[in-house]
Each structure stands twice: as C-alpha cells, then as structure tokens.
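Chemist: I am attaching a structure below and will ask some questions about it afterwards.
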Amino acid sequence: MNNATILFVVIAVAILWVVFSYNKLIRLRYRAREAMSDIDVQLKRRYNLIPNLVEAVKGYMQHEKSVLENVTNARAAVSQGGDPLERAEKENALTSTLKTLFAVAENYPDLKANANFLDLQRELADTENKIQASRRFYNTTIRDFNTKINSFPVNLMAGVLGFKEQKFFEVENEEEKKVVKVEFKK
C-alpha cells in the first residue's frame, strides 16, 4: 500500500464519519421538534376540552365566577404561544387554575355525579397524563441531542455545523416543585 492510498482511506473515513455524525445530529434535532409537536398536540387537546368543562360547571357554580374567569384567562394566555419556556410557565398556570376548579367542584355533589362532567374530567386527566409523557419524551430527546453534541469527537464539528445545546422543558414555578401536603378532615 502506498502513501496516496493510505491518505485516501483516511480522508474517506473522515468524510464518512462527518456525514454519519451530521445525519445523527439531524435525526436528533427532528426528533426533538417532533417531541415538541407532540406536546403541542396534547396542549391543543386540553385547550379544546376546557371550554366544555367550564360550560358543564357554570350552571352549578354561579357564585364561583372568579374560578371560572381564572381558568378562562389562563387558557387565553396559553393560546398566545411563545418559546418553550414561556409556554411551560403559562401551561403550569393553567394546570394550577384547573386544580382550583376541580377543588371547588368537590363542593357540588350534583356536579361531581354529572356524567358529562365526569367524562370531561376523565378526558382532561388523560390529557394531562399524555402531556407529562410528551414532556418526558421531549426531555429525553433533548438529553440525547445535548449529549451527542457535547461528546468527543462530535463536539469538534457540531459547533461548526451550527448545532447548539437545547433547553429542557422544566417547571419554572418553585411552588409547583414543593411536596403537596394532603390533609384529611375528620
């Protein structure tokens, strides 16, 4: 084997490595975008369920108007969009107002027994679970992407090719990170 052949093989291997590494980074980038889109799909589902839930509750809760207004305002804030971190903050506020709505609904036995309300509540709980699963998938994908672009030797070319670290979907509100204290009344 002469020097030209060895040089050709080394260059070919280097080019193949760059191509395969680049393609892997592109796959991870699109998987992250898909994961964010999955979150958006579930948030849209929740967004569409909320007016039905509010309507089911309105007749029972005339004097709890502020709770309904808070849910409606939080839903409107979510519809304004923003970057993933801003959206996470707005979604957390909406989740908090929904918890308040369900807590107030506990005071209305007829409402709690209403089949329409129960179906909406179950669908909303299912959607919340799907949102959490979508967020976990997004964070897993971002972890894989960030690990790849920061690992040697890919990190040598990732920055040059414009790949930057992505942010995780996190809870920004310190109150939501605290352990919930449950008290049963006697």
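We did not get these values from a lab; they are worked out from the coordinates using the rules stated. Because the structure is predicted, anything quoted here is derived from the model rather than measured. Don't worry about glycine lacking a Cβ; one is built from the backbone with ideal geometry, like all the others, and counts go over all protein chains shown.
Chemist: Suppose R0 equals 35 Å. What FRET efficiency, 1/(1 + (r/R0)^6) with r the Cβ-Cβ distance, do Ile26 and Asn92 give to the nearest 0.05?
Modeler: After rounding to 0.05, the efficiency reads 0.65.
Chemist: While we're on this one: Taking R0 as 35 Å, what's the FRET efficiency between Asp144 and Asp119 from their Cβ-Cβ distance, rounded to 0.05?
Modeler: That gives a FRET efficiency of 0.40.
Chemist: In nanometres, what is the gap between the two model label sites at Gln132 and Ile11, each 7 Å from Cα along Cα-to-Cβ?
Modeler: 5.6
Chemist: Work out the FRET efficiency for Glu165 and Asn2 from their Cβ-Cβ distance, taking R0 = 41 Å, and round it to the nearest 0.05.
Modeler: Result of the calculation: an efficiency of 0.40.
Chemist: What is the sum of charges, Lys and Arg at +1 and Asp and Glu at -1, for the other residues whose Cβ falls under 11 Å from the Cβ of Phe163?
Modeler: So the environment of Phe163 carries a net charge of +3.
Chemist: Going by how many other beta carbons lie within 10 Å of each one, how would you line up Lys130, Lys99, fewest first?
Modeler: By the 10 Å Cβ count, ascending, the order reads Lys99, Lys130.
Chemist: Report the net charge of residues surrounding Lys44, where surrounding means a beta-carbon distance below 13 angstrom and charges are Lys +1, Arg +1, Asp -1, Glu -1.
Modeler: +2
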